[in-house]
Amino acid sequence: MQKRLSHALSAVIQWIDADYAPAGAETVRNEPDRVDWVRCIPFIILHLGCLGVIWTGASPFAVWTAVILYFLRMATVTGVYHRYFSHKTYSTSRPMQFFLALCGGTTVQRGPLWWAYHHRHHHQHSDEEEDAHSPHVHGFWWSHIGWITSRRNFPTDYTKVRDLDRYPELVFLNRFDAIVPLLFALSIFGLGAFLQAHAPGLHTSGWQMLVWGFFISTTALFHGTSCINSMAHLMGRRRYKTEDDSRNSFILAIITLGEGWHNNHHRYQSATRNGFFWWEIDITYYLLKGLSWTGLIWGLKSVPASVLAEGAHSDHHDSVAAASRAQHIHPEYSSLKRIVPAAAAIAVATVNAANATLPQRADGHKSHRDVTELSQTPQGEIDP
């Protein structure tokens with residue numbers, strides 16, 4: 001009983017101080033996977049808050065605010081937490097780095113160093129026993145939501161983010177990771193109260209904006225992000241024969257603004273863009289490219305020509321194989337090819353190749369695991 005009370009007290013304190021671990025962070029990380037319900041109470045409240053819509057109702061302004069905040073903060077998760085803090089795919093100044101970290105805090109997905117540590121760990125052990133959220137190892141629901149409820153995944157391993165923990169301001173935001181979400185929620189409530197008083201024609205209020213702009217939008221954001229953990233290793237096509245079972249999915253790419261090109265990313269992690277080819281929609285990359293024109297960020301890293309050639313070669317062989325199968329399965333395509341030979345062949349190959357898959361965990365080119373070196377040595381130029 002005393003041990004349970006001690007764990008419960010620690011969990012409560014960790015709502016405020018995420019680095020609080022009386023027994024030591026390493027001890028916690030070595031515990032078996034199990035849900036810490038006390039620590040999860042804020043996460044449960046986030047989901048229950050969505051039910052507030054029963055009392056607050058809806059207005060076009062509140063709904064569109066939720067939609068806009070979903071996409072803006074999804075771009076922050078993908079473009080800041082993932083492509084900057086986790087992989088350093090571009091450079092920026094120290095003040096801008098801090099501003100980006102503040103924006104990341106509004107996503108309510110913990111601190112920037114915690115996020116980067118877990119993502120780097122995922123790449124180092126993707127679909128292996130040590131991967132905290134592999135659907136092949138732990139199952140779909142654990143990879144989607146269960147892993148963040150386990151005590152062992154709460155602490156940040158600062159030894160894996162040495163390039164980031166040298167900035168005290170980032171460590172502060174990571175340690176007290178509830179500050180920004182709370183201020184963000186209060187700001188949304190304040191905006192709603194202001195509009196209720198000064199723009200009654202919008203038919204909104206503080207509570208309605210809080211429910212739609214914070215609870216509903218944030219919950220949708222969480223599950224959209226989690227789809228990459230749970231589904232991007234299960235659904236889609238494998239262009240590259242990486243050591244894991246990462247896949248490319250157009251649907252997930254739309255939901256997550258480009259993160260659905262997951263197999264591409266696992267093949268080469270250092271690139272700023274995940275959609276390696278022009279037809280692969282990657283909204284996050286377009287936004288980062290536009291931001292680079294302002295000079296606030298720079299040094300966007302491109303995909304090596306050898307990796308692009310490897311992908312084109314794989315696509316070509318898949319397309320030829322798909323077209324060959326189509327001749328036997330759909331003989332009506334033969335007449336089409338006599339009328340418009342090139343167009344029909346390309347159309348048939350593209351449609352069928354989209355459904356082609358490669359064997360799980362197939363041997364072949366190793367994924368570009370840049371995170372190992374990135375974790376241990378400071379990289380990237382940051383202006384003082």
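The values are calculated or read from the model by the stated rules, or taken from the named source; none is laboratory data. Everything quoted here is computed from the prediction, not taken from an experiment. Reconstructed Cβ throughout: ideal geometry from the backbone, glycine too, with neighbour counts over all protein chains shown.
Just a few scattered comments:
- Test result for GLY79, touching a Leu at 6+ places or on another chain (Cβ under 8 Å), closer than 18 Å to THR219 by Cα and buried (at least 22 other Cβ atoms within 10 Å of the Cβ): no
- Scanning the range 66-76 for residues that are touching a residue at least 40 places away in the same chain (Cβ under 8 Å) and surrounded by fewer than 18 Cβ atoms within 10 Å (Cβ to Cβ) gives VAL67, PHE71.
- Among (1) surrounded by fewer than 18 Cβ atoms within 10 Å (Cβ to Cβ); (2) under 20 Å from VAL80 (Cα atoms); (3) hydroxyl-bearing (Ser, Thr, Tyr) - the single one THR159 does not satisfy: (2)
- Among the residues listed as VAL12, VAL63, the single one being over 26 Å from GLY111 (Cα atoms) and either part of a helix (DSSP H, G or I) or in contact (Cβ under 8 Å) with a residue 40 or more places away in the chain (or both): VAL63
- Residue in the range 269-288 that is among the aliphatic types (A, V, I, L, M), touching a Lys or Arg at 6+ places or on another chain (Cβ under 7 Å) and surrounded by fewer than 20 Cβ atoms within 10 Å (Cβ to Cβ) present: no
- Of all residues making up the range 237-265, the number that are in a helix (DSSP H, G or I) and of a type in the set (Val, Ile, Thr): 3
- The residue pairs whose first member lies in the range 267-292 and is more than 22 Å from ASP244 (Cβ to Cβ) and touching a residue at least 12 places away in the same chain (Cβ under 8 Å), whose second member is aromatic (Phe, Trp, Tyr) and not in a loop (DSSP other than H, G, I, E, B), and whose beta carbons are closer than 8 Å, counting only pairs six or more residues apart or on different chains, are ILE281/PHE250; SER292/TRP298.
- In this structure, SER93 does not qualify as crowded, with 20+ Cβ neighbours inside 10 Å and either hydroxyl-bearing (Ser, Thr, Tyr) or on the phi > 0 side of the Ramachandran plot (or both).
- Of all residues in the range 99-114, at least one satisfies being small (Gly, Ala, Ser), assigned to a loop (DSSP other than H, G, I, E, B) and at negative phi.
- Residue within the range 119-127 that is surrounded by 21 or more Cβ atoms within 10 Å (Cβ to Cβ), among the charged types (D, E, K, R) and either under 14 Å from the mean Cα position of the chain (by Cα) or not in a loop (DSSP other than H, G, I, E, B) (or both) present: yes
- Residues that are under 16 Å from ASN153 (Cβ atoms) and either of a type in the set (Gly, Ala, Ser) or assigned to a helix (DSSP H, G or I) (or both), drawn from the range 15-51: ALA18, ALA21, ALA23, GLY24, ALA25, GLU26, THR27, VAL28, ARG29, PRO42, PHE43
- Residue in the range 66-78 that is assigned by TED's automatic domain parsing to the domain that holds HIS223, in contact with a Phe, Trp or Tyr (Cβ under 7 Å, 6 or more places away or on another chain), farther than 20 Å from TRP261 by Cβ and assigned to a loop (DSSP other than H, G, I, E, B) present: no
Conditions (1) in contact (Cβ under 8 Å) with a residue 40 or more places away in the chain; (2) within 16 Å of MET74 (Cβ to Cβ); (3) in the same structural domain as ARG110 (by TED's automatic domain parsing); (4) under 19 Å from the mean Cα position of the chain (by Cα), marked per residue:
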position	(1), (2), (3), (4)
PHE194	no, no, yes, no
ALA199	no, no, yes, no
LEU202	yes, no, yes, no
GLY213	yes, yes, yes, no
CYS227	yes, yes, yes, yes
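- Among the residues listed as PHE140, PHE98, the single one being more than 22 Å from LEU173 (Cβ to Cβ), assigned by TED's automatic domain parsing to the domain that holds LEU170 and surrounded by fewer than 23 Cβ atoms within 10 Å (Cβ to Cβ): PHE140
- Which numbered condition LEU183 misses (of (1) within 19 Å of TYR70 (Cα to Cα); (2) under 19 Å from the mean Cα position of the chain (by Cα); (3) in a helix (DSSP H, G or I)): (2)
- Residue within the range 237-253 that is within 20 Å of THR76 (Cα to Cα), assigned by TED's automatic domain parsing to the domain that holds HIS122 and either in contact with a strand residue (DSSP E or B) (Cβ under 7 Å, 6 or more places away or on another chain) or modelled with pLDDT under 95 (or both) present: yes
- Among the residues of the range 211-235, those that are part of a loop (DSSP other than H, G, I, E, B) and surrounded by 23 or more Cβ atoms within 10 Å (Cβ to Cβ) comprise ALA232, HIS233.
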